[in-house]
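Engineer: I'd like to ask some things about the structure below.
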Amino acid sequence: MGPDIRPVIDADRCDGCGRCVEVCPLDILVPAESGGPEPIGEAHCFACGQCVAVCPLEAIRHPAMKPEHFRELLPPEESTTPESFLDLLRKRRSVRRYTDEQISGETIMRLIEAAVQAPSGLNEQSWHFNVIQDPERLARVRRRIVAIYRSLIRMLDAPFSRLMLRLMIGAENLETMEEARAVIESIIEAHSSGGDRLLWGAPTLIIVHSPEEDPMGEESAHYAVADMMAMATAMGLGTCVVGFLVTVAERDGRLREYLQVPEDHDIATALVVGYPDAEYLRSVDKRMPPLTVI
Ligand SMILES: Cc1cc2nc3c(=O)[nH]c(=O)nc-3n(C[C@H](O)[C@H](O)[C@H](O)COP(=O)(O)O)c2cc1C
């Protein structure tokens, strides 16, 4: 957690409406006898900026953030409607065909800007994004993963090494591997004939990771990725999560090196991004989940 920097109240502007006190999640702001709030609560301020964001008189500033970090929001009539937002979510599909067109640095920065709007545990925002666009490095990543999957399949097929594998990764993981075997074999086969069923020929790979020391870092990073995928859809881009990469990268030092993920970081997810070479004319309803109303 960063230093305990607290909001500063401009007493001349504040009319003591109390909105900032109501939204402060940590009770940092306490109503003073004078009527205005005072930043004297006991907790460590995690600088979420909600106090500044609700003040109609611009009577609060937060020294941990610059004034330009607070943006005007679109009025409701120009903002997304629930229908258009749901439509956007329906439009997001896992895209597995991409054009060769690379996405620009500016586009990546827009995606990251969307990603970091996500909630994060204790407002740590500890997510890191590694963007890989160099075709040679992408090819190296693919080769490494395919090599590892090849040796895993060989181990699955030989009784002694299968037993060793079971001891190494546990019976449950071994069963998961068996379930994924057909897909893994299709990744290997495609690679052998010049295809790509791993990164799907996408021009950009984004690895999202966070320091192990943040116990909620990985979970927070998942929310960021969800925002990023929605933004990508809004920008006409396609994305696909690549779980098959994450599974290997979690255990393989060399792959982590290629991806430049520090040893003491957890990989939350890997995502390919590019311009889709497929057009979806309609959405597919997802199953209704088990719903318990208590
Ligand atoms: C954790 C996770 C891992 C995934 N891994 C892969 C993957 O390695 N390769 C792939 O093609 N799709 C992968 N997907 C995409 C799913 O297959 C996809 O989300 C699902 O089939 C639903 O389709 P839709 O995303 O088009 O709605 C993954 C999705 C998630 C959430």
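Engineer: Return the unpartnered cysteines for the chain, using a Cβ-Cβ cut-off of under 4.7 Å.
Structural biologist: C14, C17, C24, C45, C48, C55, C240
Engineer: Given N residues in region 15-58, what is Rg(Cα) / (2.2 N^0.38 Å)?
Structural biologist: Working: Rg = 9.7 Å, N = 44, 2.2 N^0.38 = 9.3 Å.
Relative to the 2.2 N^0.38 Å estimate, region 15-58 comes out at 1.05.
Engineer: Where the convex hull is taken over the Cα atoms of region 215-268, what is its projected area averaged over directions, in nm²?
Structural biologist: Its average projected convex-hull area is 4.2 nm².
Engineer: Jot down the per residue volume, in cubic angstrom and as a whole number, of the convex hull over the alpha-carbon atoms of the chain.
Structural biologist: Values: hull volume 58.2 nm³, N = 294.
So the per-residue Cα hull volume is 198 Å³.
Engineer: Which residue, M177, V30, G217, has the largest displacement toward the positive end of the dipole of the chain when charges sit on each Cβ (Lys, Arg +1; Asp, Glu -1)?
Structural biologist: M177
Engineer: Can I ask one more? If you rank R166, R256, R287 by fewest surrounding Cβ atoms within 10 Å, what's the result?
Structural biologist: Values: R166 16, R256 19, R287 5.
Placing the least packed residue first, the sequence is R287, R166, R256.
Engineer: Given only helices, namely DSSP H runs of n ≥ 4 each adding -39500 (n - 2.57), what is the per-residue ellipticity at 222 nm of the chain, to the nearest 500 deg cm²/dmol?
Structural biologist: Details: 10 runs with 119 residues, N = 294.
Estimated from H runs of four or more residues: -12500 deg cm²/dmol.
Engineer: Another question, if that's okay. Need one number: % antiparallel among DSSP beta bridges in region 81-294, to the nearest 5.
Structural biologist: Details: 18 of 19 bridges.
Around 95 percent of the beta bridges assigned by DSSP in region 81-294 are antiparallel ones.
Engineer: Mind pulling the angle between the C-alpha long axis of helix 171-192 and the longest principal axis of the chain? Nearest 10 degrees, somewhere in 0 to 90.
Structural biologist: That works out to roughly 70 degrees.
Engineer: What residue among P119, P262, P63 shows peak mean-square fluctuation when the chain is described by a Gaussian network model with Cα springs under 10 Å?
Structural biologist: Maximum among the listed residues: P63.
Engineer: Still on this structure, I have one more. What span do the alpha-carbon atoms of region 162-294 cover on each of the three principal axes, reported in whole Å from largest to smallest?
Structural biologist: So the extents along the principal axes, rounded to whole Å, are 48, 48, 36.
Engineer: Quick one: Debye curve from the C-alpha atoms of region 14-118, no solvent, what's log10 I(q)/I(0) at q = 0.12, 0.14, 0.21 Å⁻¹?
Structural biologist: Log10 of I(q)/I(0), two decimals: -0.65, -0.79, -1.19.
Engineer: I need the peptides 106-113, 194-201 ranked by packing, meaning the mean over residues of other C-beta atoms within 10 angstrom, with the highest value on top.
Structural biologist: The peptides rank, most packed first, as 194-201, 106-113.
Engineer: Now a separate question. Contour minus end-to-end for S84 and E68, with contour as 0.36 nm per residue of separation and end-to-end as the Cα-Cα distance?
Structural biologist: Net length gain for the segment: 2.9 nm.
Engineer: Order these by the 10 Å Cβ neighbour count, fewest first: T176, T233.
Structural biologist: Ranked by crowding around the Cβ, least crowded first: T176, T233.
Taken together, the values in this text are just the output of simple stated rules run on the coordinates, not laboratory data. If you're wondering where the values come from, they're calculated on a predicted model, not measured in any experiment. So basically every Cβ, Gly included, is an ideal-geometry build from the backbone, and we count neighbours across all protein chains shown.
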